[in-house]
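Below: one structure, written as structure tokens.
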Amino acid sequence: MRFPTLIEPAIRRYVGWLVAFFVLTAVLGWLAPERAMAPVIDRLRPLMLALRSLPTWQLFLVILANNAIKTFFAMMGGVLLGILPTVAIASNGFLLGALCHRASHLMRPLQLVGALVPHGMFELPAVFIAAGYGLWIGAGVLERMGGQEGVDIAGRVRHAVRRYLQIVLPLLIVAAAIESTLSRWARSAG
């Protein structure tokens, strides 16, 4: 059995651009005035408390459903000229930067990295790959609008959905399992 390439050449440049954009928006989120971000972060607190009270299997399902739905719609939203995947990456990066800045007041740097790495090492690649396919679809739409009749948008969508099922969804399953078990265990042990 041959395993598929994680980031195939068709989307490599889009994924690279999205990673760079994510880092930029994360830095902007980190630098955002705390008083401006406090209401947004405070709104998330009740949700986080509610999620922490769920049994592990329910937390796994909630995390998986949330991530699977959002990444799928960000990818498919690429037909809107790639705007939706770009906005999804920007908002995730900005929010992560703001949350990390807030958490940096409560945790040592290694604790913060330790909290992010376990599930981020699977979830973030899944998000970047899905959004990369979204940009690839959006670029195809732009090419078609520019007169390139040979661009098969439906074929790109089918290919992206296939790759979503082969690569993105399995990564999200692993990420949800880690976040609902190992990350929870690490928080309770620390």
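Structure summary
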quantity	calculated
Estimated FRET transfer efficiency when R0 is 45 angstrom, pair Q111-F21 (beta carbons, to 0.05)	0.95
Distance in nm between pseudo-label sites at L61 and L80 (7 Å out along the Cβ direction from Cα)	3.0
Nearest-ten-degree value, helix 56-76 long axis tilted from longest Cα axis of the chain	30
Helix 153-163 axis, angle to the chain major axis (alpha carbon atoms, nearest 10°)	40
Most mobile of P125, P85, P46 in a GNM of the chain (Cα contacts under 10 Å)	P46
Nearest-ten-degree value, helix 83-103 long axis tilted from longest Cα axis of the chain	20
Sorted by Cβ density within 10 Å, fewest first, the residues W30, W136	W30, W136
Calculated log10 I(q)/I(0) by the Debye sum over Cα atoms at q = 0.08, 0.17 Å⁻¹ (choose from [x] -0.28, -1.00; [y] -0.43, -1.06; [z] -0.29, -1.16), label	[z]
Length released on extending from I41 to R162, taking residue separation times 0.36 nm less the Cα-Cα span	40.0 nm
Relative packing of peptides 152-161, 168-177 - highest average C-beta neighbours within 10 Å first	168-177, 152-161
Length released on extending from R144 to M48, taking residue separation times 0.36 nm less the Cα-Cα span	30.2 nm
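Values quoted throughout were computed directly from the atomic coordinates according to the rules given, and no laboratory measurement underlies them. Owing to the predicted nature of the structure, the values given are computational and were not obtained by experimental measurement. So basically every Cβ, Gly included, is an ideal-geometry build from the backbone, and we count neighbours across all protein chains shown.
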